[in-house]
Amino acid sequence: MGPRVRGGDHDMTDADPQFRADVLAGLATSPRAIPARWFYDRRGSELFEAITALPEYYPTRTEVGILGRIGPALARWTGQGRAVVEFGSGSSAKTPLLLRAIAPSAYVPIDISGEFLRASATALAAAYPGLPVWPVEADFLRPLALPPEVADAPKLGFFPGSTIGNMGPRQAVDLLRAMAGTLGAKEQGGAQLLIGMDRVKDAATLVAAYDDAAGITAAFNLNLLARINRELAGDVPLDAFAHEARWNDEAARIEMHLAATRDLTFTIAGERFVMTAGETIHTENSHKYGPRDARLLLRAGGWEPVAEWTDEAGLFAVLLAEARGGSAGP
């Protein structure tokens, strides 16, 4: 156990050292930025689930519609008996659509939010009493060891929700390669990956999806500061920040920021920070992909696209890919 650090009513005994390192490093850089994966403490996970039900947030209902429609085709592509490995499982709300379609041998949800993961895994195991469920609390951004119970099973990775868009191209490629490493090579049964990707569309639709009228996304963004105060002995004034969502057309991405509404000074883990009015903390990117871009990204990450499905309006796409292995070409 590390040293106890206190700041007012804050206790850093159990603080994640990587969370502390990312926050301190991110706030010391210019422009300031904190990785989006730290949104997802229990409260952040709950708020994100609320976001997915908002009328402005089209990705979830669109992807659910696609998954509900493609079950028979997906079953033909995957066959039976695969272990489904879901990266960043959250509430596993979309998972039943997949499990009903392909008759898997096991389900392995992976999530960084342990408390939320365990609650979701318990609920899913109760709904599917004949299905072995093996939750893994881990950061899926790098290769990890899956439970030994699924070591010999062919794997289907499941990465819905366009979470791949939260990463820049280089990080996204690294993640796809890490997923291939986690799921296993071809000699283990031919790993497959089912992934959701959001499509490029008009800016008004995109901005509304990340800046809803009810303010749920704003609360989700600001919860990051509340987590910092709670876990890292911070005294960041939450009322001095406002949520901003911006469409960056050149980079084809939505950006979320926390903008300082006044000059302010605060401390985190004993470190002092000064921000001026209008300065922001960049908290999330959500890249959007055209059809060719999506396929190119998958190939760069070691996956060969074999099937693709979208909605009638072309808002969102679900792609199935197979681990390629070997050289990509001459």
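The values are calculated or read from the model by the stated rules, or taken from the named source; none is laboratory data. Bear in mind the structure is a predicted one, so any value in this text is a computation, not a measurement. Backbone-built Cβ (ideal geometry, glycine too); neighbour counts: all protein chains shown. The accessibility values were calculated without ligands, DNA or RNA, using every heavy atom of the protein model including side chains. Shrake-Rupley method; radii C 1.70, N 1.55, O 1.52, S 1.80 Å.
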TODO: Would you mind telling me which numbered condition in (1) in contact with an Asp or Glu (Cβ under 7 Å, 6 or more places away or on another chain); (2) outside any strand (DSSP E or B); (3) closer than 22 Å to L176 by Cβ L24 fails?
DONE: (3)
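Output the residue which, of all residues in the range 275-296 that are of a type outside the set (S, T, N, Q) and in contact with a helix residue (DSSP H, G or I) (Cβ under 6 Å, 6 or more places away or on another chain), is farthest from L27 (Cα to Cα).
Narrowing the range 275-296 to residues of a type outside the set (S, T, N, Q): 275, 277-279, 281-282, 284, 287-296.
When the remaining residues are screened for being in contact with a helix residue (DSSP H, G or I) (Cβ under 6 Å, 6 or more places away or on another chain), the result is 284, 287.
On the way: E284: 14, H287: 23 Å.
The residue in question is H287.
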TODO: Output the number of the condition that N166 fails; it satisfies all remaining conditions of (1) open to solvent by 10 Å² or more (accessible area, probe 1.4 Å); (2) closer than 22 Å to N285 by Cα; (3) in contact with a Leu (Cβ under 9 Å, 6 or more places away or on another chain).
DONE: (3)
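Please find, among A260, A307, the residue that is open to solvent by less than 10 Å² (accessible area, probe 1.4 Å) and modelled with pLDDT of 95 or more. Lay out the reasoning, then the answer.
Working: A307 fails: open to solvent by less than 10 Å² (accessible area, probe 1.4 Å).
Of the residues listed, the single one that is open to solvent by less than 10 Å² (accessible area, probe 1.4 Å) and modelled with pLDDT of 95 or more is A260.
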Open item on the list: Report every pair of residues separated by at least 6 positions or lying on different chains whose Cβ atoms are under 7 Å apart, first residue within the range 28-51 and farther than 14 Å from F116 by Cα, second open to solvent by 50 Å² or more (accessible area, probe 1.4 Å) and in a loop (DSSP other than H, G, I, E, B).
Closed with: R37/I112
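I70 - would you say it is open to solvent by less than 10 Å² (accessible area, probe 1.4 Å) and more than 18 Å from L156 (Cβ to Cβ)? Outline the logic, then answer.
Working: open to solvent by less than 10 Å² (accessible area, probe 1.4 Å): yes; more than 18 Å from L156 (Cβ to Cβ): no.
No; evaluated as a whole, the condition is false for this residue.
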Task: Checklist (1) touching a Gly at 6+ places or on another chain (Cβ under 7 Å); (2) outside any helix (DSSP H, G or I) applied to E63, failing item - done: (2)
Open item on the list: For a quick check of your reading of the model, give me the residue pairs whose first member lies in the range 90-101 and is farther than 23 Å from D139 by Cα, whose second is modelled with pLDDT of 90 or more and not in a loop (DSSP other than H, G, I, E, B), with beta-carbon atoms closer than 6 Å and at least 6 apart or on different chains.
Closed with: L97/L67; L97/G68; A101/G71; A101/L74; A101/A75
